[in-house]
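Presented below is the structure to which this report refers.
The values are calculated or read from the model by the stated rules, or taken from the named source; none is laboratory data. Source: prediction; values computed, not measured. Cβ placement follows ideal geometry from the backbone for every residue including glycine, while neighbour counts extend to all protein chains displayed. Just so you know, the surface numbers come from the protein's heavy atoms only, side chains and all, with ligands and any DNA or RNA stripped out. Shrake-Rupley method; radii C 1.70, N 1.55, O 1.52, S 1.80 Å.
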Amino acid sequence: MPSPLRVAAVPRSICIVLSTLAFALTWFALAQDVITAGGETDYAPYESYDEDGDPAGFNVDLLRAIGREVGFALGPWQEQRERLQAGEVDVLGMFVSEARRIRVDFAEPNVIVSHRIFVPAGREAVEGLEDLAGRSVVVQRGAYSHERLVATNLELELILVDDERTGLLRLVREGHDAALLTEHRARRVLEDEGLNGEVVSGPPVLPTKYAFAVRPGGDALLARIDEGLARVKGQRRVRPHLRTLVDAPRGGLRAASNVARGWWRARVGPVGRRLVGMAGASTPPRRPDRAQRV
């Protein structure tokens, strides 16, 4: 009768070596992959195309500083969200919310973004979302602001637009009651389009954390992003574009307006810095009890 087959026990040390090797190979493969980052076409200073047609902005610089090989595919916001879900892009910057956690996993937030309710000049400023009841409100389709307005269950006429630049232009030209937009981008659009003085706004509303997001299950990529963010924040010598991130209070986040100002100062050079400084100095103080002309 043949003797039973005996399988030699694998030494524990070899198991540990093999497990470590497999883990290292996984991380190495991930590190060699090119990450495709999504983003909006017109979301300066976070992401947009520069004068040469290349992706540029705070998010672009930050992802590159993390040390990964990154390709960028910019487009309309709603399209970018769909591409993330479909796996056509790997990472996308977006506002953090519990509702969104159902579909994406977030890295550590790196900034706080506020919104403002803009109204045509000459009208009374609107200070809170509840004051929008019964009004026509311009808002970006699929944006965090859109989601929050829907969640209020207020009686509203929502005027949906594909981007906030179009939203501001429609507010001014078509005479809608209000527009709920991100503060830093709206101010940049007002400057670009020469619309300062055409609208007023109330105090900041909806201060919201902003972070990179990946599809559920992308734990390895998420860990690498968080590791890279921590490394950038810990660097004493860092590219000027990211200085505001490093200078954030320990355990705290910078406001988007500070990040935007720091990025523009670093990007536009000495003359541009003076202009940005002059623009910042001329901005009237925020007064929650008064309309702010912008």
Check your understanding: Which of the residues belonging to the range 76-107 are exposed (fewer than 15 other Cβ atoms within 10 Å of the Cβ) and either among the β-branched types (Val, Ile, Thr) or under 14 Å from the mean Cα position of the chain (by Cα) (or both)?
Key -> 102
Exercise for review: Within the range 135-153, count every residue that is of a type in the set (A, V, I, L, M, F, W, C) and either in contact with a strand residue (DSSP E or B) (Cβ under 7 Å, 6 or more places away or on another chain) or part of a strand (DSSP E or B) (or both).
Suggested key: 4
Revision key, fill the gap. The residue that is nearest to residue 101 (Cα to Cα), considering only those in the range 120-134 that are free of Cβ contacts under 8 Å to residues at least 40 places away in the same chain and not in a loop (DSSP other than H, G, I, E, B), is 130
Check your understanding: Applying the selection to the range 173-205, what residues are modelled with pLDDT under 95, of a type in the set (A, V, I, L, M) and within 19 Å of residue 141 (Cα to Cα)?
Key -> 186, 189
Exercise for review: Taking the residues in the range 158-188 that are free of Cβ contacts under 8 Å to residues at least 40 places away in the same chain and either under 20 Å from residue 122 (Cβ atoms) or aromatic (Phe, Trp, Tyr) (or both) as candidates, determine which candidate is least open to solvent (accessible area, probe 1.4 Å).
Suggested key: 167
Check your understanding: Would the range 71-80 turn up any residue that is closer than 23 Å to residue 174 by Cβ, modelled with pLDDT of 95 or more and either assigned to a helix (DSSP H, G or I) or polar (S, T, N, Q) (or both)?
Key -> no
Point to revise | Answer residue from the range 218-234, given it is open to solvent by 50 Å² or more (accessible area, probe 1.4 Å) and of a type in the set (D, E, K, R) and is modelled with the highest pLDDT among those | key: 219
Study note, to complete from the structure: Being basic (Lys, Arg) and either on the phi > 0 side of the Ramachandran plot or open to solvent by less than 30 Å² (accessible area, probe 1.4 Å) (or both) narrows 135, 116 down to just 116
Review point. Taking the condition open to solvent by 40 Å² or more (accessible area, probe 1.4 Å), more than 23 Å from residue 141 (Cα to Cα) and over 17 Å from the mean Cα position of the chain (by Cα), does residue 69 pass?
Key: yes
